[in-house]
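Q: Please see the structure below; I have some questions.
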Amino acid sequence: MTPARFPRAALFDLDGTLLDSAPDMLATANRLLQAQGRAPMTLSQLRPHVSKGARAMLGAAFADLDTAGRESMVPAFLETYLQELGRHSVLFDDVEPMLAALEASGCAWGIVTNKPEYLAREILPQLGWESRCAVLIGGDTLAQKKPHPLPLQVAAERMGMAVVDCVYVGDDERDIQAARAARMPCIAALWGYRQDHEDPAQWGADIVLESPSALLEAGNWPQAL
């Protein structure tokens with residue numbers, strides 16, 4: 001039997017997979033609510049919507065506004081979030097040891113997120129990742145974003161890897177849909193953000209894991225044939 005090995009390359013979603021950014025998002029939403037004289041949200045109210053993006057979070061914070069009203073607030077949300085970026089967020093437990101284990105094995109890693117690229121790039125130096133992250137694809141880097149496969153395909157190409165030699169890890173169904181469409185092995189992360197009705201077991205990931213600590217074990221990664 002061939003011993004289990006880490007993949008040649010690992011790609012990760014950012015918010016809800018590597019970074020618990022919900023506290024930054026909460027501070028952002030509550031500043032917008034305060035500006036309109038509204039009551040603040042709690043973290044438990046906002047958390048399930050974080051992986052769905054700014055529009056979903058605005059929908060949770062300003063549920064009485066119509067789509068156009070919430071859309072008009074997106075620029076203010078992003079501007080405010082830039083000011084709160086990294087002030088409250090933390091890495092999920094065992095993410096740093098997991099990345100160190102990948103690096104020690106010779107596995108390159110990168111990030112494919114639907115967050116605007118300029119916001120994602122602001123985070124890298126805060127975490128000391130600017131020289132460690134081999135590739136960063138944001139939601140506006142290319143003509144398509146997840147669940148389209150293009151971001152994962154381009155990320156693999158920029159790393160000099162075949163798609164099948166990479167594994168993608170994400171906490172949202174769009175992550176798994178993108179990986180499946182790209183024919184990239186994938187892992188569904190249960191420690192991230194999701195709504196009550198969502199069932200990751202139905203997303204079609206190769207593996208479903210409960211915590212980042214499971215990624216410290218090479219045997220928990222999809223193995224190349």
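The values are calculated or read from the model by the stated rules, or taken from the named source; none is laboratory data. In this text, all values refer to a predicted model and were calculated from it rather than measured experimentally. Methodologically, a virtual Cβ is constructed for each residue, glycine included, from the backbone with ideal geometry; neighbour enumeration extends over all protein chains shown. Areas reflect the complete protein model, heavy atoms only, side chains present, ligands, DNA and RNA absent. Shrake-Rupley method; radii C 1.70, N 1.55, O 1.52, S 1.80 Å.
Q: Inside region 180-205, can you point out the residues that are in contact with a helix residue (DSSP H, G or I) (Cβ under 6 Å, 6 or more places away or on another chain) and not in a loop (DSSP other than H, G, I, E, B)?
A: Passing the criteria: Ala182, Cys186, Ala188.
Q: Answer yes or no as to whether Thr113 is of a type in the set (Ser, Thr, Tyr), under 22 Å from Trp191 (Cα atoms) and either in contact with a Cys (Cβ under 7 Å, 6 or more places away or on another chain) or open to solvent by less than 50 Å² (accessible area, probe 1.4 Å) (or both).
A: yes
Q: Quick one: count up the residues across region 189-200 that are open to solvent by 70 Å² or more (accessible area, probe 1.4 Å) and either aromatic (Phe, Trp, Tyr) or in contact (Cβ under 8 Å) with a residue 12 or more places away in the chain (or both).
A: Going through region 189-200 one residue at a time, the tally reaches 2.
Q: Against the condition free of Cβ contacts under 8 Å to residues at least 60 places away in the same chain and of a type in the set (Val, Ile, Thr), how does Val167 come out, does it pass?
A: no
Q: Filter region 72-99 for residues that are β-branched (Val, Ile, Thr) and either open to solvent by 20 Å² or more (accessible area, probe 1.4 Å) or touching a strand residue (DSSP E or B) at 6+ places or on another chain (Cβ under 7 Å) (or both) and give the result. Lay out the reasoning, then the answer.
A: Residues of region 72-99 that are β-branched (Val, Ile, Thr), as a first pass: 74, 80, 90, 95.
Of everything in region 72-99, just one residue is β-branched (Val, Ile, Thr) and either open to solvent by 20 Å² or more (accessible area, probe 1.4 Å) or touching a strand residue (DSSP E or B) at 6+ places or on another chain (Cβ under 7 Å) (or both), namely Val90.
Q: Something else now. Does Pro151 satisfy being closer than 27 Å to Ala54 by Cβ and at pLDDT 95 or above?
A: Taking the combined requirement at face value, the residue satisfies it.
Q: How many residues are of a type in the set (D, E, K, R), assigned to a helix (DSSP H, G or I) and touching a strand residue (DSSP E or B) at 6+ places or on another chain (Cβ under 7 Å) when one looks only at region 162-179? First the steps, then the outcome.
A: Our first condition is that a residue be of a type in the set (D, E, K, R); within region 162-179, this holds for 165, 171-175.
Then drop every residue that is not assigned to a helix (DSSP H, G or I), which leaves 165, 173-175.
Now restrict to residues that are touching a strand residue (DSSP E or B) at 6+ places or on another chain (Cβ under 7 Å): 165, 175.
Residues flagged as of a type in the set (D, E, K, R), assigned to a helix (DSSP H, G or I) and touching a strand residue (DSSP E or B) at 6+ places or on another chain (Cβ under 7 Å) within region 162-179 amount to 2.
Per-residue answers, yes or no, for (1) in a loop (DSSP other than H, G, I, E, B); (2) touching a Gly at 6+ places or on another chain (Cβ under 9 Å):
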{"residue": "Gln45", "(1), (2)": "no, no"}
{"residue": "Val50", "(1), (2)": "no, yes"}
{"residue": "Ala56", "(1), (2)": "no, no"}
{"residue": "Gly69", "(1), (2)": "no, no"}
{"residue": "Tyr81", "(1), (2)": "no, no"}
{"residue": "Arg87", "(1), (2)": "yes, no"}
{"residue": "Pro97", "(1), (2)": "no, no"}
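Q: Oh, and also: Scan region 150-160 residue by residue and report those that are assigned to a loop (DSSP other than H, G, I, E, B) and under 14 Å from Ile111 (Cα atoms).
A: Going through region 150-160, the residues assigned to a loop (DSSP other than H, G, I, E, B) turn out to be 159-160.
Passing the criteria: only Met159.
Q: On to the next question. Anything in region 107-135 that is closer than 19 Å to Gln177 by Cα and in contact with a helix residue (DSSP H, G or I) (Cβ under 8 Å, 6 or more places away or on another chain)? List them, or say none.
A: Within region 107-135, Gly110, Ile111, Val112, Thr113, Asn114 meet the criteria.
Q: Name the residue, out of Arg183, Arg174, that is open to solvent by 50 Å² or more (accessible area, probe 1.4 Å) and under 13 Å from the mean Cα position of the chain (by Cα).
A: Of the residues listed, the single one that is open to solvent by 50 Å² or more (accessible area, probe 1.4 Å) and under 13 Å from the mean Cα position of the chain (by Cα) is Arg174.
Q: List the number of the failed condition for Leu102; all other conditions in (1) open to solvent by 50 Å² or more (accessible area, probe 1.4 Å); (2) in a helix (DSSP H, G or I) hold.
A: For Leu102, the exception is condition (1).
Q: Could you grab the pairs with beta carbons closer than 6 Å, sequence gap of 6+ or different chains, first residue in region 111-137 and closer than 20 Å to Met25 by Cβ, second one open to solvent by 60 Å² or more (accessible area, probe 1.4 Å) and of a type in the set (A, V, I, L, M)?
A: none
Q: Residue check: is Ala143 buried (at least 19 other Cβ atoms within 10 Å of the Cβ), at pLDDT 95 or above and over 16 Å from Gly16 (Cα atoms)?
A: No: the conditions fail for Ala143.
Q: To continue, here is another question. With the structure loaded, tell me whether Arg38 is open to solvent by 50 Å² or more (accessible area, probe 1.4 Å) and in contact with a strand residue (DSSP E or B) (Cβ under 8 Å, 6 or more places away or on another chain) or whether it fails that test.
A: Values: open to solvent by 50 Å² or more (accessible area, probe 1.4 Å): yes; in contact with a strand residue (DSSP E or B) (Cβ under 8 Å, 6 or more places away or on another chain): no.
No; evaluated as a whole, the condition is false for this residue.
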